[in-house]
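For reference, the structure is listed below as structure tokens.
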Amino acid sequence: MDGFLIINKDKGITSFGVCNKIKRLTNTKHVGHTGTLDPNTTGVLVVTLGKACKTLPLLIEHTKEYRTTILFGKSSDTLDITGNIVEDKRVDINKEELLKAIDKVSSQKEQIPPMFSAIKVCGKKMYDLARKGERVELKPRDVRVNSYRIESDLYQIDGYYAIDIYLNTSKGFYVRSFARDLGQELGVPSLMYSLDRLSSGQFRIEDSVKLDDPNLEAHLISIEEVFKDLEKLELNDYFSHLAKNGVVLDSRQIKTDKPFLVYHKDSLIAIYAPVDLYKYKPVIIL
């Protein structure tokens with residue numbers, strides 16, 4: 001089975017757990033995803049099945065949309081509500097100062113990731129190192145907030161001030177780090193209370209399906225459908241045979257700096273991507 005499932009992930013299950021369950025349900029050996037969601041996070045998880053797993057490099061650059069609730073007065077080691085609370089105090093939040101802080105933090109072009117993250121350092125995931133008490137100095141990463149929107153007034157959760165924010169971000173952006181930085185700008189403890197991913201690239205929450213849907217396989221999206229907007233190259237019998245065997249294409253066939261679809265007699269046979277100036281290798285052969 002080859003293609004994509006857009007899962008609306010519930011709380012309490014890891015992205016890895018979602019993939020494992022889909023493996024069992026669909027009897028598919030290779031299953032992956034385009035971006036980890038923490039167990040406490042809900043929303044869009046793009047799952048790849050079979051040959052679609054090879055297309056992951058074409059999808060990781062996509063922007064993402066989130067709706068988050070940020071809580072003020074508490075901070076934790078994981079930067080969200082699920083972690084060990086390291087600071088807890090009631091604080092007053094001035095709305096005008098908060099709006100200025102949100103605007104400032106959202107305009108920053110760099111961000112230090114959380115210690116508890118799937119980022120690898122020397123081949124080891126950060127959250128594994130963090131659980132062992134090992135501290136690693138993380139360097140800032142280039143990220144951006146494309147746009148944001150305040151989605152609520154200040155309100156209280158169990159006596160702590162909170163606010164809901166919509167964020168449209170680049171790849172590699174951590175909303176938990178955003179929550180931390182917002183509190184630091186205000187001089188108060190803060191953490192991410194909840195997070196819902198609304199979209200990942202072209203994949204939106206409106207088009208997603210729950211993992212327990214009894215007709216899960218009926219929602220499979222084909223590789224051709226997902227990449228239908230890429231440029232198309234039609235090859236003759238001779239070159240199609242070469243392409244099916246992974247031959248390098250060049251400027252004699254096409255000139256582009258982007259991935260493209262390769263067809264033979266109107267059937268998709270491969271997706272190619274640039275590896276050098278006017279040289280292209282297959283990402284996937286169908």
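Annotation: amide H-H contacts under 5 Å for LYS232 (H modelled 1.01 Å from N, sequence separation of 5 or more, or interchain): LEU261.
Counting beta carbons within 10 Å around each of GLU206, GLU224 and listing the fewest first gives the order GLU206, GLU224. Ranking of CYS19, CYS53 by neighbouring Cβ atoms within 10 Å, starting from the fewest: CYS53, CYS19. Note on segment 192-275: the alpha carbon radius of gyration divided by the globular reference 2.2 N^0.38 Å gives 1.49.
Only DSSP H runs of four or more residues enter the estimate; each adds -39500 (n - 2.57), and after division by the residues of the chain the mean residue ellipticity at 222 nm equals -5500 deg cm²/dmol. Here the simple spin-label model places points 7 Å from the Cα toward Cβ, and for ASP212 and ASP10 these points are separated by 0.4 nm. When the C-alpha to C-alpha distance is required to be over 21 Å, the pairs from LYS232/LYS265; LYS21/LYS210; LYS89/LYS109 that qualify are LYS89/LYS109. In summary, the convex hull built on the alpha carbon positions of the chain has an orientation-averaged projected area of 17.3 nm².
Summarising the label geometry, the points placed 7 Å from Cα in the beta-carbon direction at ASP92 and TYR278 lie 6.9 nm from one another. Going from the residue with the fewest nearby Cβ atoms within 10 Å to the one with the most, VAL247, VAL31, VAL275 rank VAL275, VAL247, VAL31.
The orientation-averaged shadow of the Cα convex hull for segment 230-285, equal to a quarter of the hull surface, comes to 3.2 nm².
For the Cα trace of segment 1-47, dividing Rg by the Kirkwood Rh returns an Rg/Rh value of 0.94. Near ASP2, no amide H atom lies under 5 Å from its own; only residues 5 or more places off or on other chains count, and H is placed 1.01 Å from N.
Axis of helix 95-106 versus longest Cα principal axis of the chain: the two differ by about 30°, to the nearest ten degrees. Note: relative contact order over the chain, using C-alpha pairs below 8 Å and six or more positions apart, is 22 percent. Near ILE269, the amide H atoms lying under 5 Å from its own belong to VAL262, TYR263, HIS264; only residues 5 or more places off or on other chains count, and H is placed 1.01 Å from N.
Throughout, read-outs are computed from the coordinates displayed, never taken from laboratory work. Computed from a predicted model, the values in this text were never measured in an experiment. Counting neighbours? That spans all protein chains shown, and the Cβs are built from the backbone with ideal geometry, glycine included.
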